[in-house]
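Down below is the structure, laid out as structure tokens.
The values are calculated or read from the model by the stated rules, or taken from the named source; none is laboratory data. Quick caveat: nothing in here was measured; it's all calculated off a predicted structure. Quick reminder, even Gly has a Cβ in these numbers, built from the backbone with ideal geometry, and neighbours come from all protein chains shown.
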Amino acid sequence: MKNKILVVDNHRMMQKFMATLLEREGFEVKTAKDGISALDVLRTFHPDVIFVDLIMPNISGEKLCKIVRSMSQMKDVFIVILSSIAAEGELDFAGFGADACIAKGPFDKMSAHVIALLDRWEKGDLSGFAQKVFGMENINKREITKELLSTRRHLQIIIENMAEGIFELTPEGKIIYVNTVAVSMSGIEEEKLLGSYFTRLFQENNFKKISDIMESATDSPNTIDANLPVDINDRQVLLGLKS
């Protein structure tokens, strides 16, 4: 039976490159364009290996790894980070649940690393994976990328330390980001919040009210209502919504 692989990357060229490479090696492959799409795929497709990009819209690769690791049916899946930012800073990929990391580089070099890593995985030879980023010799550090990553981390620290609970949603109402206060407010683990529908956090008596407000915010961009009392996790909070 073919081993199954899921490739998660927001670049169509990378999806096609990886799918072609892996199918040629005899794997069954599915692709997803971001974390939300990956979670949708995982409802019916149970891969043996997942390749994940780090910087993606709608749930980052790091958050996706944590979500996957929280799923009981995914406890043995082999997760490989495939990222172009591997050279720009220390990457503790094992810390967020990944098993190995390959730096994105020239396609021929990257192909060799992907195939070699999968060959070792199939043989059960996993020694040294967590301590090494494969392919680092084929890429150069880019100062502009380091600066952008530093700015991104700075903004994340600011949002994480805000007194308000912050939920970021897709246009369909799925949660793609929560800060620490939002997690505490909901009483639900971050890994379970991400990818779920925001309206499901509320009791039935608030459900229609929240749905109507979200719909009106979509129709009228930049609408904010900061004075709507709603119940969440047996607590009354004031809901503000901005589109």
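Does N179 qualify as being at pLDDT 90 or above and either farther than 27 Å from L155 by Cβ or under 25 Å from the mean Cα position of the chain (by Cα) (or both)? Answer is yes for this residue.
Could you list all residues from the stretch 40-61 that are under 14 Å from N10 (Cα atoms) and not polar (S, T, N, Q)?
Across the stretch 40-61, the qualifying residues are F51, V52, D53, L54, I55, M56, P57, I59, G61.
Checked against (1) in a helix (DSSP H, G or I); (2) under 29 Å from F198 (Cβ atoms); (3) touching a Phe, Trp or Tyr at 6+ places or on another chain (Cβ under 7 Å), K30 meets all criteria but (1).
Taken over the stretch 42-65, the criterion of being surrounded by fewer than 19 Cβ atoms within 10 Å (Cβ to Cβ) and either among the hydroxyl-bearing types (S, T, Y) or under 13 Å from the mean Cα position of the chain (by Cα) (or both) is satisfied by T44, I55, P57. The set of residues in the stretch 11-28 being among the aliphatic types (A, V, I, L, M) and surrounded by 13 or more Cβ atoms within 10 Å (Cβ to Cβ) consists of M14, M18, A19, L21, L22. If only residues of the stretch 3-12 that are over 19 Å from N58 (Cβ atoms) and modelled with pLDDT of 95 or more are counted, the one that is farthest from the chain's Cα centre (by Cα) is K4. Could you tell me which of the residues I85, I102 is among the β-branched types (V, I, T) and farther than 30 Å from P171 by Cβ? From the options I85, I102, the qualifying one is I102.
The number of residues in the stretch 114-151 that are at pLDDT 65 or above and either in a loop (DSSP other than H, G, I, E, B) or surrounded by 11 or more Cβ atoms within 10 Å (Cβ to Cβ) (or both) comes to 21.
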